[in-house]
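Okay, so here's the structure we're looking at.
None of the figures in this text is laboratory data; all of them are computed from the coordinates on show. Keep in mind the model is a prediction, meaning the values are calculated, not measured. Please note: Cβ atoms are built from the backbone with ideal geometry, for glycine as well, and neighbour counts cover all protein chains shown.
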Amino acid sequence: GKYNTIPAAAGHHIMEGRWIHNTSYIDDYLTFWFRRGGAPRRYTAWFAWAAWQRHLVTHDVPFITSVLPDLLTNLRGWIARHLGDYGGE
């Protein structure tokens, strides 16, 4: 991805960052992965679960609903690549 990033630890970062009172840090982090140059399917990562767990702490409905289409696109990309007619590659 951009800046030579990989999402391997992204779920952990989001889960730990959910406790930060200034939500802009993790908002920006999630937005980077899906809209500003990140490559979320470069390695496996648990973005959706971590984003939901964060939502349970922040109760930020506008943000979680804004990132939902990105999470679904990511899921569909994984399914298309790894769960094809033959059960994957």
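Laid out as a table, the results:
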| item | result |
| --- | --- |
| Sequence-separation-based contact order of the chain, relative, with Cα cut under 8 Å and 6+ spacing, percent | 33 percent |
| Euclidean distance between Cα centres, segment 46-65 to segment 1-44, Å | 13 Å |
| C-alpha long axis of helix 61-82 to longest principal axis of the chain, angle in ° | 20 degrees |
| For the chain, calculated [θ]222 nm from helices alone, where every DSSP H run of n ≥ 4 adds -39500 (n - 2.57) | -19500 deg cm²/dmol |
| Viscosity 0.692 mPa s, temperature 37 °C, Stokes-Einstein D of segment 1-73 from Kirkwood C-alpha radius, µm²/s | 271 µm²/s |
| Local electrostatic count, LEU30, Cβ distance below 14 Å [Lys/Arg +1, Asp/Glu -1] | -1 |
| Packing-based order for 52-60, 74-82, 8-16, using average beta carbon neighbours within 10 Å, highest first | 8-16, 52-60, 74-82 |
